[in-house]
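**Student:** Right, I'll just put the structure down here and ask away after.
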Amino acid sequence: MHDLAFFRANLDAVATRLATRANPPNLDGFRELDARRRAAIAEAEELKARRNSGSAEIAKLRKQGVDTSQQQLQVRELGERIAELDEQAKSLEESFQEVLAGIPNLPHESVPAGRDSEDNLEVRRVGQPPSFAFAPKAHWDLGPELGILDLERAAKVTGARFAVYWGLGARLERALINFMLDVHTREHGYLEVLPPFLINSASLFGTGQLPKFADDLFKCEKYDFWLAPTAEVPVTNLFRDETLETGSLPLSLCAYTPCFRSEAGSYGRDVRGIIRQHQFQKVELVKFTRPEQSYGELEKLTADAEDILRRLGLPFRTVVLCTGDMGFSSAKTYDIEVWLPGQNGYKEISSCSNYEAFQARRARIRFKNAKGKSEYAHTLNGSGLAVGRTWVAIVENYQQADGTVVVPEPLRPYLNAELIGKSGLK
C-alpha cells in the first residue's frame with residue numbers, strides 16, 4: 001500500500017515511474033475516484049457548516065418568539081443531503097481503497113528500467129559450471145534411476161507437479177533444511193521461528209498476495225484458511241498491527257515451511273521434474289528494519305542466501321531485476337540463479353527483495369523513531385534457499401559417470417554419507 005499523501009502530491013511522477021513496470025496500472029480511475037470522493041466530502045463539510053449556522057439562528061429566533069418552522073425544514077433538508085453525501089463518500093472511499101490496494105510498489109531509483117527478464121542486470125557470477133566427460137543427465141532421469149525421486153507415484157497419490165522422495169533423496173531434502181537453518185541461525189544471526197502453515201486472508205493482504213493474486217493460492221473450503229505460498233506471509237504477519245521496539249531493529253528471522261502454489265498461468269513452464277511444483281520446501285529469511293537501514297540489509301540478506309550456495313560449491317549468478325520483471329510488492333529484487341547442467345542454464349533459486357514500507361503499511365507494522373514518533377518499518381525477505389531446487393542443483397552438478405552423486409562436504413555430517421547410489425523402493 002502506498003503513502004496516500006505522497007501518492008496524491010506526486011501523482012504525475014508516480015505514474016511515470018509505475019509506467020516502467022510490466023502491465024502498468026491506469027491511474028485515471030484513481031484520479032477520478034479521488035476527485036469524486038473529495039468533492040463529496042467538501043460539499044458535506046460546507047453543508048454541515050450551513051446546518052450549524054442555521055441551527056444557531058433557529059435557537060436565536062426562538063428566544064425572540066419567532067416562528068422557525070421554515071428554517072427548521074431547511075435544516076432538515078440539509079441534514080438529509082449531508083447523510084447522502086456521507087454515504088456516498090463512504091462508498092467512494094471503499095472503492096478508492098480497493099483501487100489503491102491494487103497499485104504495485106514503486107521501483108527504487110537504483111532499479112534498471114526494462115520490459116522483462118531479458119533486461120535484468122547481472123551483478124556477479126560465482127563459480128564455473130562443471131565440465132563433464134560424459135553427457136550429464138537431468139534430475140528427472142537421474143533421480144528415478146537412483147531410486148531417490150518418484151514422480152509417477154506422486155501423481156497417483158495427488159496429481160501432477162508433486163514428488164515423492166525415497167531413501168537418501170528424502171534424507172538429502174531434510175539435510176538441506178537443517179543445514180540452511182543451522183548456518184543462518186548460528187552464523188548469520190537469524191532467529192528461527194516455526195509459523196503456522198495455514199494463514200488467513202488478512203495475512204495475505206498484508207504481504208500483498210491478496211486480492212490481486214488469489215488464483216495463485218490454494219484455499220481451504222469452508223474456512224478463511226489458505227495454504228501458505230511462502231513463509232514470508234506468516235512470518236511478516238507475526239507483527240501485524242504491532243509497534244516494534246526500535247532497539248530490536250533490524251530484526252532478522254528465518255523459517256522453514258512447506259509452500260503451496262497453484263502456479264496459475266505458468267502451465268507449460270518447467271513441466272518436467274521438480275523445478276516448478278504445487279508443493280515444495282523452503283527456508284525463508286525475513287527482516288524488519290528502519291527505513292535508513294533497509295538497503296544495507298538487503299545486501300546482507302542476499303549475501304546470506306548466496307553463502308549457502310558458496311558452501312555447497314554450486315555455481316551461481318546474481319541479477320537485479322528490471323522494472324518490468326519485478327514482483328507486485330517489491331521496490332528492489334535480486335534473483336540468485338543456480339547453474340543446472342540438466343537444463344544447461346541458470347535457474348532462479350532465491351529472490352531477495354526490499355518492500356520498503358509497502359507491506360508494513362498494509363499490515364500496519366510500525367516502530368518508534370528516535371523522536372518517539374511512530375512510523376512504518378521496512379520489510380525484506382528472500383529464500384535462503386528453495387530446498388527442492390537446491391536438491392536438483394546438487395544431484396545434477398555432483399553426478400558422476402557411473403550414475404552416482406557425490407554429497408557436498410558440508411552435508412556429509414547430516415547424511416552420514418559421502419555418495420548417493422541406487423536406493424529406495426525397487
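The values are calculated or read from the model by the stated rules, or taken from the named source; none is laboratory data. Keep in mind the model is a prediction, meaning the values are calculated, not measured. Note that each Cβ is placed from the backbone with ideal geometry, even for glycine, and that neighbours are counted across all protein chains shown. These area figures cover heavy atoms from the full protein model, side chains too; ligands, DNA and RNA do not enter into them. Shrake-Rupley method; radii C 1.70, N 1.55, O 1.52, S 1.80 Å.
**Student:** Per residue, how much accessible area does the chain have with a 1.4 Å probe, in Å²?
**Tutor:** Accessible area per residue: 48 Å².
**Student:** Between Leu191, Leu380, Leu73, which gets the highest mean-square fluctuation from a Gaussian network model of the chain, Cα cutoff 10 Å?
**Tutor:** Highest fluctuation among the options: Leu73.
**Student:** By accessible area of protein heavy atoms, probe 1.4 Å, what ranking do Arg174, Arg153, Arg389 get, highest first?
**Tutor:** On the way: Arg174 145, Arg153 100, Arg389 35 Å².
Sorted by accessible area, descending: Arg174, Arg153, Arg389.
**Student:** So, one more: Could you work out the longest stretch of the chain that avoids the GluC sites (Glu not before Pro) located in DSSP loops with at most 16 other Cβ atoms within 10 Å?
**Tutor:** Details: sites that count: Glu109, Glu187, Glu221, Glu242, Glu245, Glu263, Glu418.
In the chain, the maximal stretch lacking such sites is 264-417.
**Student:** Given springs between every Cα pair under 10 Å in a Gaussian network model of the chain, which of Asp150, Asp307, Asp12 has the largest fluctuation?
**Tutor:** Of Asp150, Asp307, Asp12, the Gaussian network model singles out Asp12 as fluctuating most.
**Student:** Take the Cα of Leu4, step 7 Å along the line toward its Cβ, and report every residue of the stretch 31-49 whose backbone nitrogen sits under 14 Å from that point.
**Tutor:** The answer is 31, 33-42.
**Student:** Follow-up question, since we're still on this one. Over all alpha-carbon pairs of the stretch 1-138, lay out the pair-distance distribution in 10 Å bins, whole %, shortest bin first.
**Tutor:** 9, 23, 17, 15, 13, 9, 6, 4, 2, 1, 1
**Student:** Of the labelled options (i) 23.4; (ii) 26.6; (iii) 24.5, which one gives mean projected area of the Cα convex hull in nm² as computed for this structure?
**Tutor:** (ii)
**Student:** In addition: Find the Cα radius of gyration of the stretch 9-70, compare it with 2.2 N^0.38 Å by division, and give the number to two decimals.
**Tutor:** Working: Rg = 22.5 Å, N = 62, 2.2 N^0.38 = 10.6 Å.
So the stretch 9-70 has a normalised radius of gyration of 2.13.
**Student:** Can you list the lysines whose alpha carbon is less than 21 Å from that of Lys48, not counting same-chain residues fewer than 8 positions off?
**Tutor:** Excluding near neighbours in sequence, the set is Lys60, Lys90.
**Student:** Right, here's the next one. Starting from 0.36 nm per residue, how many nanometres of slack lie between Lys222 and Arg124 once their C-alpha separation is accounted for?
**Tutor:** Numbers: separation 98, 0.36 × 98 = 35.28 nm, distance 4.76 nm.
Computed gain between Lys222 and Arg124 is 30.5 nm.
**Student:** Separate question: Can you find, among Gly324, Ser203, Gln277, the residue farthest towards the positive end of the dipole of the chain? Put +1 on the C-beta of Lys and Arg, -1 on that of Asp and Glu.
**Tutor:** Ser203
**Student:** Would you please give the FRET efficiency between Ala133 and Lys156, computed as 1/(1 + (r/R0)^6) with r the Cβ-Cβ distance and R0 = 30 Å, to the nearest 0.05? Intermediate results must be reported in sequence, preceding the final value.
**Tutor:** Working: r = 37 Å, r/R0 = 1.24.
For Ala133 and Lys156, the calculated efficiency is 0.20.
**Student:** What is the distance in Å between the Cα centroid of the stretch 1-26 and that of the stretch 237-312?
**Tutor:** Result: 26 Å between the Cα centres.
**Student:** Could I ask something else about it? Shape of the stretch 168-275 from its Cα gyration tensor (a ≥ b ≥ c, root eigenvalues): rounded if a/c is under 1.5, otherwise prolate when a/b > b/c, or oblate? Please list the in-between numbers first.
**Tutor:** Values: a/c = 2.19, a/b = 1.10, b/c = 1.99.
Oblate, since a/c reaches 1.5 and b/c is not below a/b.
**Student:** Give the carbon-plus-sulfur fraction of the accessible surface of the chain in %, rounded to a whole number; probe 1.4 Å, heavy atoms of protein chains only. List each step's numbers first, then the result.
**Tutor:** Working: 9980 of 20300 Å².
Whole-percent figure for carbon plus sulfur exposure: 49.
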